[in-house]
There are 2 protein chains.
Amino acid sequence: MVHIPSRSMSKPDGQPVGQVAQMLRAAGLRPTRQRMALAKILFSGGNRHVSAESLRDEAVDARVPVSLATIYNTLHQFTTAGLLREVAVDAARTYFDTNLSNHHHFYNEGSAGVCDIPTDGLVIENMPEPPEGTEIVRVDVVVRVRPKS
Amino acid sequence: MVHIPSRSMSKPDGQPVGQVAQMLRAAGLRPTRQRMALAKILFSGGNRHVSAESLRDEAVDARVPVSLATIYNTLHQFTTAGLLREVAVDAARTYFDTNLSNHHHFYNEGSAGVCDIPTDGLVIENMPEPPEGTEIVRVDVVVRVRPKS
DNA sequence: CTGTGTGCAAACTCTTTGCATAAGT
DNA sequence: ACTTATGCAAAGAGTTTGCACACAG
């Protein structure tokens, strides 16, 4: 048996050293199997918008054994760690967005799908002062669309 | 016993003739006790933002016997009838808004309170084209604020 | 009277939690 | 070894539904 080195393999002492593992470490999260797997699903494509359930489905497809509770935990941990952003478009489901930059969303009420609006595609002017004693955290714009009839 | 006429009393045949009753009739909804009571709570002040639970609390305060299921039914019926508008600011709770005009919202993440941003206080420019095969239903802007620390 | 609305309680969905087991360092 | 994460199942919140009774027309 010959040892074949690889970016995503473990060091002799067993510590994973891949990019994903380092991203998790940097965020203060231990690179466990489930977190690594979910992080790979989430961050190895372009920008993604997932719900807990859609991510679970992807994990199942990828043969990753992970419970729904862990999906929720992980999504919130990633959000707290600044790796994901929560998007409130529909009261029925919570969506998470891998795109952390300042941008907004289309929400298709027919398919319940979310997609990005590029930052430069929309400008808000004449922003009002927030109520006294409060400060602005973020401005979310949701452009609701539906299939043309 | 003397008959004292009033705008909100019933006609001899028992049909309520108040403004609220007529609003409901116009919307195709029978002016029942509960719907009348909830409509009065909702539409006899300025613009309101309610959740099912806050409306139930108000109904209890107003000595209106109404079940939570009826609150939900009524809110959705009013929304479908175009008397209310649903506002998606927080995935945890559904808010309904009596202000039907084109406007946006402040959402206080600390108190979970919603309030209006006047239409003229915010302008969106350079609106992008919606995805192919879809048309824009509405644009919602939520300015998330939190108590100043 | 006839049909619609309401209340109640139970069902349902999405999400969170408690605790024993498994995995990471 | 010691600590933290995971899985499972059960609880929890908010919302919806089914059915018998009550009310509006």
- request: Considering each residue of the range A:8-29, count those that are at pLDDT below 55 and surrounded by 12 or more Cβ atoms within 10 Å (Cβ to Cβ), and give that number.
  value: 2
Test for A:Ala69: is it among the hydrophobic types (A, V, I, L, M, F, W, C), surrounded by fewer than 15 Cβ atoms within 10 Å (Cβ to Cβ), within 15 Å of DNA strand D (Cβ to nearest atom) and part of a helix (DSSP H, G or I): yes
- request: Scan A:Ala88, A:Ala92, A:Ala59 and give me the residue that is buried (at least 18 other Cβ atoms within 10 Å of the Cβ) and within 14 Å of another protein chain (Cβ to nearest Cβ).
  value: A:Ala88
task: Could you list all residues from the range B:97-122 that are touching a strand residue (DSSP E or B) at 6+ places or on another chain (Cβ under 8 Å), surrounded by fewer than 16 Cβ atoms within 10 Å (Cβ to Cβ) and among the acidic types (Asp, Glu)?
output: B:Glu109
- prompt: How about the range A:82-109: which of its residues are more than 16 Å from DNA strand D (Cβ to nearest atom), part of a strand (DSSP E or B) and either touching a residue at least 60 places away in the same chain (Cβ under 8 Å) or β-branched (Val, Ile, Thr) (or both)?
  reply: A:Val87
task: Filter the range B:112-127 for residues that are in a loop (DSSP other than H, G, I, E, B) and more than 9 Å from chain A (Cβ to nearest Cβ) and give the result.
output: B:Ala112
- prompt: Looking at the range B:34-52, which of its residues are in contact (Cβ under 8 Å) with a residue 24 or more places away in the chain and in a helix (DSSP H, G or I)?
  reply: B:Gln34, B:Arg35, B:Ala37, B:Leu38, B:Ala39, B:Leu42, B:Phe43, B:Ala52
task: With the checklist (1) assigned to a loop (DSSP other than H, G, I, E, B); (2) within 12 Å of DNA strand C (Cβ to nearest atom); (3) under 11 Å from the mean Cα position of the chain (by Cα) in hand, flag the one item B:Gln77 doesn't pass.
output: (1)
- prompt: How many residues does the range B:138-149 contain that are over 18 Å from the mean Cα position of the chain (by Cα), at the interface with chain A (Cβ under 7 Å from one of its Cβ atoms) and surrounded by fewer than 15 Cβ atoms within 10 Å (Cβ to Cβ)?
  reply: 2
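The values are calculated or read from the model by the stated rules, or taken from the named source; none is laboratory data. Keep in mind that this is a model prediction, so the values were computed, not measured. Glycine also receives a Cβ, built like all others from the backbone with ideal geometry; neighbour counts cover every protein chain displayed.
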